[in-house]
1. Out of all DSSP beta bridges with both ends in the protein assembly as shown, state the antiparallel percent to the nearest 5.
2. Quick query: amide H of A:Q93 versus all other amide H atoms, modeled in the peptide plane; which residues come in under 5 Å with a sequence gap of 5 or more or a different chain?
3. Using alpha-carbon pairs under 8 Å, 6+ residues apart, how would you state the relative contact order of chain A in percent?
4. Computed FRET efficiency, Cβ-Cβ of B:D165 and B:F128, R0 25 Å: what is it to the nearest 0.05?
5. Using a Cα distance threshold of under 17 Å, what count of lysine pairs results for the stretch B:95-184 when pairs must be 8 or more residues apart or interchain?
6. For the protein assembly as shown, give the percent of accessible area contributed by carbon and sulfur heavy atoms, probe 1.4 Å, rounded to a whole number.
7. Just to be sure I follow: if Rg is taken over the C-alpha atoms of the stretch A:26-162 and Rh is the Kirkwood radius over the same atoms, what is Rg/Rh?
8. For chain A, what is the percent of antiparallel DSSP beta bridges, rounded to the nearest 5?
Amino acid sequence: MLETDDPIIEMHHLSLVYPNGVRALQDIDLVVGKGEFLFLVGHTGSGKSSLMKLIYREHDPTTGAVFVDGQEITDMKRSQIPLLRRRIGVIFQDFRLLSHKTAFENVAYALEVTGASRADIPRKVTKALTLVNMREKAGRLPGELSGGEQQRVAIARALINDPLILLADEPTGNLDPDSSWDIMQILSKVNARGTTVLVATHNQQMVDVMQKRVLVMDRGVMLHDLQRGQYVPAASSRPALVLEGV
Amino acid sequence: MSHPPRPEKSPGRTPEPPEASPKTGQERIPRRRRGPSGGYYLECFLREVLINIRRNPLMSVASISTVMVLTLILGFFVVLVANLDSLSRELAGEMQVKAYMSADFQREEAGAFHASLMKIEHVEGTHFVSKDTAFKRLRERLGSRITLDDLSHNPLPDAFEIRVDHPKALDVVAEKVARLPGVGSVDYGRDVARKLMALNQVVRVVGMVILGLLFASTLLIVSNTIRLTVFARRKEIDIMQLVGAADWFIRWPFILEGVAQGLVGAAMAATVVDVAYRLVVPQLHKTVPFLPILAPGEVLPFLNLGLVSLGCAVGALGSLISVNRHLKA
Ligand SMILES: Nc1ncnc2c1ncn2[C@@H]1O[C@H](COP(=O)(O)OP(=O)(O)OP(=O)(O)O)[C@@H](O)[C@H]1O
Ligand SMILES: [Mg+2]
């Protein structure tokens, strides 16, 4: 992918201590270029989700600064956060779709909140659902879809506002291997269109096959930053990774 | 689901990226975006409200009934106070200080005496009742039961009826009048006035306290009901925030939901008060014919409007409190 000198995410001396005293992140320095595809690996509790939360400003760092597309987001006003979130798509292991809305409505909702022109909504939503091959099932409720299908709807929703960055926190954690590859393929496609993609995962095979940049975290510290990396289990006293699927 | 690369289903309709613009020249996070009309948002919100009420009717019932109890009690209280108020005003209109002049009072002095009465604070006007007029009145009142013709002379004194601007001023005015030269004695409806004013005062104070407590507890119950709704939907709110919904966008459906609940509760209460008052007034008129009760048309329109507005306000405020608590957390 195009790895430019133009950074889309920058973190400087970042640390995060939760109110309960847990040091989730320690002195993280990270620069991600526009259009990169990265994996974030590490044992459970190593701080992968926490790192992502700092990017879409679910939490504020205890020290340090985060820049998204050159703009410091750590000193951003509360009222600006929604605008940031519209530029960052996020998907999770548990999909997080609104259960009473259809696939179509779920995707449309992310457009409605932006005050998008009403006439454009059906066209844009259909486009996004087509991208993830969910156009035929647009009228179904999340409960009527398989996990893989729900995740694809979630991806369509994450992409609907044409984000700079797609954050995927264990996107295949609840999926069987076939669906997992399916999702990975879609993420690659999204990345090929220019969106920066950051995937936190425990799926070793996936990381090894994809041959992308790999960030290895261990107990809140960035242990390795490997270009075209392989899955490297972090040196840790904890039990070995439990590999999902595959 | 199969392995990558996935074959395209229809070759003619290759999926395009959602937006044609290339990613590289991406604009910065915009400071502000011009939104569409308020009508569009209102429609979105009303749709949400309907969905939510349909999904959780029991929650709504709890809120609606508490608002109803509050507005119902308030409604009856206002009716009571309004009537006591008008009653005491009515009596106050009749209430006057009567100054009976001493025997040596000369009719020619009446003008001067009127002037000195008017100088007293709270005096609105005076009316001179000569001993002859008083005698005539007495005779009319007694009718044929007792004849006064045997009296050698008119035993009644000349008198002034003094109107005051407020029942509370009766005491003071009477005292001052008594000290004026030429006044034999003064008289006024001291006890009735006092008791009525005291009663009205007590009703008002007690009512205000009860209403204050009631208002606070209604607010508490409504905000807790909505809080349960908010709690039941916290995942949803998190999702809304995740996709970039602004706080107000999340807040409005909840506020409208609260307003709707308050409106329904208050409208039911207003209906009950309205119907009850219209039924009771004719009955009371029959039983106590001279009791000056306010006509339904004098109270109910304002009362209904007030109750409904209050219901909406309580609903809105209750929602706002609980949603804000969640959003700021
Ligand atoms: N909201 C929170 N409050 C307090 N502590 C937290 C919170 N979220 C996470 N933690 C703690 O911070 C540390 C890092 O958690 P995090 O969720 O970032 O790990 P992770 O790498 O995503 O793990 P996993 O692979 O299991 O998802 C853990 O010790 C966790 O217990
Ligand atoms: Mg995690």
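The values are calculated or read from the model by the stated rules, or taken from the named source; none is laboratory data. Not measured: the values here are computed from a predicted model. FYI the Cβ positions are ideal-geometry reconstructions off the backbone, even for glycines, and counts take in every protein chain you see. Ligands, DNA and RNA are stripped out before the accessible areas are found, and what is left, the full protein with its side chains, is counted by its heavy atoms. Shrake-Rupley method; radii C 1.70, N 1.55, O 1.52, S 1.80 Å.
1. Expressed as a percentage, antiparallel bridges in the protein assembly as shown total about 65.
2. Amide H to amide H, under 5 Å and 5 or more residues apart or across chains, A:Q93 pairs with A:D169.
3. 25
4. 0.80
5. Final tally of qualifying lysine pairs is 6.
6. For the protein assembly as shown, the apolar C and S fraction of the accessible surface comes to 59 percent.
7. Over the Cα atoms of the stretch A:26-162, Rg/Rh equals 1.00.
8. 50
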